[in-house]
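Read-outs throughout are calculated quantities, based only on the coordinates presented, and are distinct from any laboratory measurement. The model shown is predicted, which means the values in this text are computed figures rather than measured ones. Positions of Cβ are generated from backbone atoms using ideal geometry, with glycine treated the same way; all protein chains shown enter the neighbour counts.
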Amino acid sequence: MNKDNIIWQIAIDGPAGVGKSTVAKLVAQKLGFKYIDTGAMYRAITYLVVHENIPMSDSAAIYALAQKANIEFKIENDKELVFINKINVTDAIRQDPVNTMVSTLSAQSLVRKVLVAIQQQLANSFSTVMDGRDIGTVVMPNAQLKIYLEASSAVRAQRRYMQLTDKGYKADLQEIELMINQRDEQDKARLASPLKPAPNAVIIDTDNLTMTEVIEAIINELNKVKSLTLH
Ligand code: CDP
């Protein structure tokens, strides 16, 4: 098999605040693959729903809005920006009310249908590292490598706290832990693509690992897959 023709798909799933996006971004950078933050897509649609005053219960209106929405990722001055319908929502999607509403919206199968189709199109166009909740189970069921990151909720709250305060946002550690636990419960309990490891995912417990160690572990797993695929 010619390795130049392979489109690589690396799926990284796991609960809130486990460090998926940081790790996925760096793994993609190292490999020269595109990084796709699927959580940002659900967050951007949530932003639009809230700002257009559409009730969360109106799944038909939300579906119509998602179908028409134009989500764009851009990089400016090394900062990754997220736009929906040309509105820069980079900061707004990391704050309330999006934080508290996003898991309610993400439980709707119609919205998922729209976003999963976009994600699959991207994943089939170029080599990607994609992070989210259903990447290994639904979006890229044939990914060559599926990673599921785990960590205790205390460690995850601490990581999210650092991420927010590093960016200059105000944050309350206890409140963050409560919120990520609530969001995880919702994400795991929902009927539509619940958060769970894919049957063939490599599970990495990151409680006692640094970011660099997690990245190394993923690259190691990829090298194992590559040696099996290319020989
Ligand atoms: O960064 P964090 O892990 O806290 O969340 P995120 O990846 O930005 O995702 C925000 C929310 O979007 C999650 O809690 C899920 O409810 C939803 N989501 C999803 O349902 N499926 C995905 N593939 C990605 C996110």
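As a footprinting exposure proxy, order Ile135, Ile87, Ile176, Ile118 by other Cβ within 10 Å, with the fewest listed first.
Neighbour counts put them in this order, fewest first: Ile87, Ile118, Ile176, Ile135.
Return P(r) of the chain (all Cα-Cα pairs; 10 Å bins starting at 0; whole %; ordered from short to long distances).
Per 10 Å bin, starting at 0, the Cα pair percentages come out as 7, 33, 38, 18, 3, 0.
Run the quick spin-label model on Gln182 and Ala154: label points 7 Å from Cα toward the beta carbon, then report their separation in nm to one decimal.
Roughly 2.3 nm, to one decimal.
Give me the one-decimal nm value for the distance between modelled label points at Leu164 and Glu72, 7 Å along each residue's Cα-to-Cβ direction.
3.0 nm
How much FRET efficiency would the formula 1/(1 + (r/R0)^6) give for Phe83 and Gln121, where r is the Cβ-Cβ distance and R0 is 22 Å, rounded to 0.05?
That gives a FRET efficiency of 0.75.
Can you tell me the orientation of helix 173-189 relative to the chain, as the angle in degrees between its alpha-carbon axis and the longest Cα principal axis, to the nearest 10?
For 173-189 against the chain, the angle is about 80 degrees.
Between Arg94 and Asn220, what is the FRET efficiency for a Förster distance of 25 Å, r being their Cβ-Cβ separation, to the nearest 0.05?
0.20
Using +1 on the beta carbon of Lys and Arg, -1 on that of Asp and Glu, and nothing else charged, what's the dipole of region 102-163 about the Cα centre, debye to 20?
The calculation lands at about 140 debye.
By how many degrees, between 0 and 90 and to the nearest 10, does the Cα long axis of helix 20-31 differ from the longest principal axis of the chain?
40 degrees
With everything on Cα atoms, drop me the angle between helix 153-166 and the longest principal axis of the chain, reported from 0 to 90° to the nearest 10.
Once rounded, one gets 80 degrees.
Go through 164-175, 213-224 and give me the packing order, highest mean Cβ count within 10 Å leading.
So the peptides 164-175, 213-224, ranked by packing, come out 213-224, 164-175.
About its Cα centre, what dipole magnitude does the chain give when the only charges are +1 on Lys and Arg Cβ and -1 on Asp and Glu Cβ, stated in debye to the nearest 20?
The calculation lands at about 540 debye.
Which of Glu80, Glu52 has the fewest other C-beta atoms within 10 Å, and how do the rest follow up to the most?
Glu52, Glu80
Just tell me which lysines come within less than 19 Å, Cα to Cα, of Lys226; anything on the same chain fewer than 8 places away is out.
Cα-Cα hits under 19 Å: Lys3, Lys30, Lys34, Lys146.
How do the peptides 142-151, 8-17, 193-202 rank, highest first, by the average count of neighbouring beta carbon atoms within 10 Å per residue?
8-17, 142-151, 193-202
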